[in-house]
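Engineer: Have a look at the structure that comes next, please.
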Amino acid sequence: MKDDHRSPFRDAYTDRKAAEGLPDTPQTRSPAYGLAFADDEFLCREELRPVRLQLELLKPEMMMNVQGIESTIVLFGGARIPDPENKGEARTQTLADLSSFYDEAREFSRLMTLRSMETGGTENVIVTGGGPGVMEAGNRGAVDAGGHSIGLNIVLPFEQAPNAYVTPDLCFNFHYFAIRKMHFLMRARAICVFPGGFGTLDELFESLTLIQTGRMERVPFLLFGKAFWEKIINWDALSDAGTISADDLDLFRFVDSAQEAIEVINTWGPTGKRGEVPGR
């Protein structure tokens with residue numbers, strides 16, 4: 001994406017191209033002579049981590065601005081939850097049973113994307129982690145509605161590729177988990193968490209903590225699958241122990257279907273930031 005800002009100075013693109021045609025000499029072959037911003041080895045050095053962090057924050061932000069993305073609906077959930085058509089291949093019976101949430105994520109995404117398209121497709125755009133399972137279902141629902149959606153992938157030690165339903169111009173890849181998490185929440189107008197594992201739990205509690213402490217607006221926060229979440233986490237025990245406040249249990253709602261989720265979002269109420277943390 002070339003910067004069309006007009007400046008009297010010679011631009012970086014022109015100089016990078018010119019540098020490719022330099023005479024072949026010992027000096028020009030030396031890594032020291034390469035332009036710093038065009039030197040991949042230099043950019044990957046330990047000392048350049050602050051620059052890489054900034055670049056990962058800037059690139060998706062700038063490209064989403066180009067696409068006009070104003071706000072998002074966040075979908076978190078397990079990569080291992082199968083499409084119901086493939087539930088016979090699930091590793092456990094529980095995963096096979098949870099496949100129903102693939103359909104609910106897909107339908108919720110479809111309904112929210114239809115709503116988004118009514119206002120030009122720039123508000124309430126679905127964003128997922130861009131991978132399989134619930135993430136695939138979310139991006140797929142946007143395609144069902146004829147709209148676009150965002151995928152925020154992360155480089156992992158094993159093979160990882162975006163699912164086929166992410167809008168190509170809104171498909172991003174990250175090295176830093178922390179910056180990826182920022183992009184999930186920077187435009188969030190609702191957060192929907194489906195059954196999942198460590199990654200989903202990490203995203204769930206980090207997002208809840210930001211809302212609990214008043215660092216983020218109290219946007220609609222929905223946990224799909226009440227039976228799953230009440231089995232996995234003893235929410236009342238946290239409140240009874242005093243490690244959270246009873247009021248913190250009102251920061252989220254349980255839902256079991258796409259339609260129920262839409263109704264909760266429609267009637268959520270005020271979304272302002274907390275001024276204090278109850279119980280402290």
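Every read-out reported here was derived from the displayed coordinates using simple, explicitly stated rules and does not represent laboratory data. Only a predicted model underlies this, so the values are computations on that prediction, with no experimental measurement involved. We place every Cβ from the backbone using ideal geometry, glycine too, and count neighbours over all the protein chains shown.
Engineer: Can you name the helices of the chain, as whole DSSP H runs, whose Cα span along the helix axis is 27 Å or more and whose Kyte-Doolittle mean is not below 0.5? The partial results should precede the final answer.
Structural biologist: On the way: long enough: 100-118 (28 Å, -0.69).
Qualifying helices, which must be both long enough and hydrophobic enough, do not occur.
Engineer: Identify which of L152, L249, L35 has the largest mean-square fluctuation in a Gaussian network model of the chain, with springs joining Cα atoms closer than 10 Å.
Structural biologist: Comparing L152, L249, L35 in a Gaussian network model of the chain, the most mobile one is L35.
Engineer: Taking the dipole about the Cα centre of the chain, with the C-beta of Lys and Arg at +1 and of Asp and Glu at -1, give me whichever of P162, P23, I150 is farthest to the positive side.
Structural biologist: P23
Engineer: Counting every Cα pair in the stretch 57-169, what percent are over 23 Å apart?
Structural biologist: On the way: 1813 of 6328 pairs.
That tail contains 29 percent of the Cα-Cα pairs.
Engineer: Please go through the stretch 1-100 and write out the GluC sites (Glu not before Pro) that DSSP classes as loop and that have at most 12 other C-beta atoms within 10 Å.
Structural biologist: For GluC sites (Glu not before Pro) across the stretch 1-100 that sit outside H, G, I, E and B with at most 12 neighbouring Cβ atoms in 10 Å, the list reads E20.
Engineer: Hand me the trypsin sites (Lys or Arg not before Pro) from the stretch 1-54 located in a DSSP loop with no more than 15 other Cβ atoms within 10 Å, in residue order please.
Structural biologist: Within the stretch 1-54, the qualifying trypsin sites (Lys or Arg not before Pro) (loop, at most 15 other Cβ atoms within 10 Å) are K2, R6, R10, R45.
Engineer: Given charges of +1 on the Cβ of Lys and Arg and -1 on the Cβ of Asp and Glu, with all other atoms neutral, how large is the dipole of the chain about its Cα centre, in debye to the nearest 20?
Structural biologist: For the chain, the charge dipole is close to 500 debye.
Engineer: If I build a Gaussian network model for the chain, linking alpha-carbon pairs within less than 10 angstrom, which residue out of V143, V51, V193 has the largest mean-square fluctuation?
Structural biologist: V51
Engineer: Fewest Cβ neighbours within 10 Å first, please rank T72, T213 accordingly.
Structural biologist: T213, T72
Engineer: Using the charge dipole of the stretch 180-246 (Lys, Arg: +1 at Cβ; Asp, Glu: -1 at Cβ; taken about the Cα centre), state which of F221, F184, I233 has its Cα farthest towards the positive end.
Structural biologist: F184
Engineer: Apply the a/c threshold of 1.5 to the C-alpha gyration tensor of the stretch 35-85 and tell me whether it is rounded, prolate or oblate. Could the numbers behind the result be given before it?
Structural biologist: Values: a/c = 3.20, a/b = 1.73, b/c = 1.85.
Here the stretch 35-85 falls in the oblate category.
Engineer: May I ask for the percentage of alpha-carbon pairs in the chain that lie more than 24 Å from each other? Could you put the intermediate results ahead of the total?
Structural biologist: On the way: 22078 of 39060 pairs.
So the pairs more than 24 Å apart make up 57 percent of the total in the chain.
Engineer: Okay, moving on. Loop only per DSSP, at most 16 neighbouring Cβ atoms within 10 Å: give me the chymotrypsin sites (Phe, Trp or Tyr not before Pro) in the stretch 82-169, ordered by residue number.
Structural biologist: Those that pass, being in a loop and sparsely packed, are F158.
Engineer: Using a Gaussian network model of the chain whose springs link C-alpha atoms within less than 10 Å, name the residue from G129, G120, G78 with the highest mean-square fluctuation.
Structural biologist: Per the Cα network of the chain with a 10 Å cutoff, G120 tops the list.
Engineer: In what order do L156, L222, L208 fall by count of nearby beta-carbon atoms within 10 Å, going from fewest to most?
Structural biologist: With the sparsest Cβ surroundings first, the list reads L156, L208, L222.
Engineer: Now for a separate question. Using Cα pairs under 8 angstrom and six or more residues apart, how large is the relative contact order of the stretch 104-194, in percent?
Structural biologist: Once divided by the residue count of the stretch 104-194, the mean separation gives 26 percent.
Engineer: Counting other beta carbons within 10 Å of each residue's own, what order do H175, H183 fall into, fewest first?
Structural biologist: Ordered by Cβ neighbours within 10 Å, fewest first: H175, H183.
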